[in-house]
Every structure is written in C-alpha cells, then in structure tokens.
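Working notes, beginning with the structure itself.
The values are calculated or read from the model by the stated rules, or taken from the named source; none is laboratory data. Source: prediction; values computed, not measured. When we count neighbours, we look across all protein chains shown, and the Cβ atoms used for this are built from the backbone with ideal geometry, even at glycine. What goes into the accessible areas is simple: the full protein's heavy atoms, side chains included, and nothing from ligands, DNA or RNA. Shrake-Rupley method; radii C 1.70, N 1.55, O 1.52, S 1.80 Å.
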Amino acid sequence: MKSPLLSLPGAVPAEGRDEGVAAHYGDLFREQRALADGSGLVDLSHRAVVTVTGSDRLAWLHLLLTQHVSELAPGQATDALILTAHGHVEHALYLVDDGETVWMHAEPGTQDALVAYLESMKFFYRVEVADRTAEFAVVHLPAGSIAEVPDGVRVRETAYGRDLFLPRAELEAYAAGHGPLAGILAYEALRVEAHRPRLGFETDHRTIPHEVGWIGTAVHLQKGCYRGQETVARVQNLGRPPRRLVFLHLDGSEVVLPGHGTPVRLAADGAEGRQLGFITTSARHHELGPIALALVKRNVAVDAELLAGDTAAAQEVVVEP
C-alpha cells in the first residue's frame, strides 16, 4: 500500500519493511520534537489491518493469543502475540474492541498469513475474520495530542498515543488538518528510546517473548492454554531466556549508524572478537543522539562496553539477565 501522503512536498520514501510511507518530510529532528511535544501525526497506513466480528470473537481470540482478552472492555487497548508451537513469536498484534468488532493492526505485509491462520482456527466458533487493509489506514497521534478524532473512527489509546483506524479515503484530508506530519524515522526513534520491541526488528525466527520484554505487556501469565504456552511457562518458572534486549548509546562521532544485523561484540575483544549479539534497530534521537536496540547473549555483563560493528556502545538494561 503506497500512501498518498508520499506526494506531499518534502516527503522522502521509507525503505525496507516500511516501504509505502514517508521516512521523513525534510526535517527529522523537528518531526521528533513535534511528536515528543504531543503534536502532529504519523502515517502508518502501510500496516496491516484485520478485524474479527461475531458473538464469540473475544472468547475465541482468548484461546489463540498470549493476552487475556475474554473480558476485554470496549475501548480498552491491548497488545498480544501469536506464537509457534515451540513458543517463538510469529505475529505481534495491537488490538481494541469497539463492542461489536475487534480491530487490530500488525506488521506491513503480514495480513495474508495472519488471516490464513485465524481462518484455520475458526472451527465451530461464531466469528468472521476480514482483511481490512485496503479500506483502513492506521494513523498515530502522539501522547498529549489534542487532535480531534472523526465520529465513528475506532481508536486504540495507549500511554504512547492513539492509533486511529481511519477510512483510507479520508487519510489525505485528515492529515492536512492535523499536521505537522512526522515520518516513520521520527516514530521509530521514539520507539527505540522507549525500549519497545517490534516484530521483524527486535525479533528473528528464534525469538521468545521473554527476550525482548513482552512478558506482562503482550503476554499474560495467568491465562489459559494457547499455542506455545509451554515454552513461556517453562522459561518463566524454571529458566532464563538465552538472549536479552539492551538499549545502546552509540558513539556520536560516527557518521553512519550500524544497521539491522550489525554484529555486537565486547569492546575489549575488538572488532575481530566473538559475536555476542546484533543490532536490531538504530536511530538518531533529537536529544540522545545515536541510539539503538540490540539482542545480546544473556550472560553479557550489564556493565560491559560493547562494539556495534566498529562503533563504541554503552548499554542500558532493558531485560534483566
């Protein structure tokens, strides 16, 4: 889905997983400051939008998701995961129920696989699953925003702001009246600052929820069975995850940020030392400078100086070892 907002003056297209929306509109730090101050909006219209209707929708989703949703109140936002049978993260979902329909958004391009899985699990439950990506665009308003929400638009309200499920035909008009626009790079910089993991960035095919801090936020530990629960319970009760998410302050003298997948090593071992992890997301922050999230082995000392490629990095604990 290519956003119509890419035709606006100054819009620079994003690449990779965020292709289809703007990376920025000409001034990355101004856009970040606007979001941090509670103004502007972010075009997330490339994200997948899926709905579930029917009288059994909450009870049914409760059986499939890592989150407790059987009694989800209308308007209450929550996060949830779908795991593989071995407990690895397969989908990350951001949900709200409006009293009749569960609305969720997920990573760009994942709607086909998500809908296929949900359809395969319907059995005798009274539910209907629909891909609504072509009809609705996700728009993010930052925390503190006083922007009005049009009547009838579904909203997920969280501590980080509001996600609107806006009819796609209304995207241009709404953006024109509720600027300034901020690109995905500004949004991502604030996400990294807040230590919030993102599927496909902080995760790979081996990731379990404990490694990136999803326990408690997207995984409820006192709910009934769901696929992958055995792994979650075993690690929670008997062990430790093999890796942990860390926040990194990067050397500000480097011109190029270390990209996703850049090896992380102990600074004491140098650039040829043993790889202990990898960069998941890096960003330039308007106050903190260059920052990143990384996955490292659990036994890396919390006070160890690190190297991200050739860039010096000081870590802060996100997930306890």
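Evaluated against (1) of a type in the set (A, V, I, L, M, F, W, C); (2) outside any helix (DSSP H, G or I); (3) more than 18 Å from ALA48 (Cβ to Cβ), VAL138 falls short on exactly one condition, (3). Of the strands (runs of 3 or more DSSP E) entirely within the range 153-252, those holding at least 3 residues that are under 25 Å from THR133 (Cα atoms), open to solvent by less than 10 Å² (accessible area, probe 1.4 Å) and not aromatic (Phe, Trp, Tyr) occupy 161-167.
Contact annotation: residue pairs with Cβ atoms under 8 Å, 6 or more positions apart or on different chains, pairing a residue in the range 4-25 that is on the phi < 0 side of the Ramachandran plot and free of Cβ contacts under 8 Å to residues at least 60 places away in the same chain with a partner that is open to solvent by 20 Å² or more (accessible area, probe 1.4 Å) and of a type in the set (Asp, Glu), are PRO13/GLU19.
Residues that are in a loop (DSSP other than H, G, I, E, B) and of a type in the set (D, E, K, R) were ranked within the range 34-73; the one that is surrounded by the most Cβ atoms within 10 Å (Cβ to Cβ) is ARG47.
Summed over the range 91-128, the residues that are over 20 Å from THR203 (Cα atoms), open to solvent by 20 Å² or more (accessible area, probe 1.4 Å) and hydrophobic (A, V, I, L, M, F, W, C) give a count of 5.
Residue-by-condition table, conditions (1) touching a helix residue (DSSP H, G or I) at 6+ places or on another chain (Cβ under 6 Å); (2) over 28 Å from SER145 (Cα atoms):
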| site | (1), (2) |
| --- | --- |
| LEU28 | yes, no |
| LEU44 | no, no |
| VAL49 | no, no |
| GLN67 | no, no |
| ILE82 | no, yes |
| ALA92 | no, no |
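Here is the figure for the range 73-128: residues that are among the charged types (D, E, K, R), touching a Leu at 6+ places or on another chain (Cβ under 8 Å) and more than 18 Å from LEU58 (Cβ to Cβ) total 2.
Restricting attention to the range 267-287, the residues that are touching a residue at least 60 places away in the same chain (Cβ under 8 Å) and under 24 Å from GLY200 (Cα atoms) total 6.
Return the residues of the range 55-85 that are in contact with a Gly (Cβ under 7 Å, 6 or more places away or on another chain) and within 12 Å of GLN229 (Cβ to Cβ); say none if nothing qualifies. Spell out how you get there, then give the answer.
First, the residues of the range 55-85 that are in contact with a Gly (Cβ under 7 Å, 6 or more places away or on another chain): 74, 83-85.
Residues satisfying the conditions are LEU83, THR84, ALA85.
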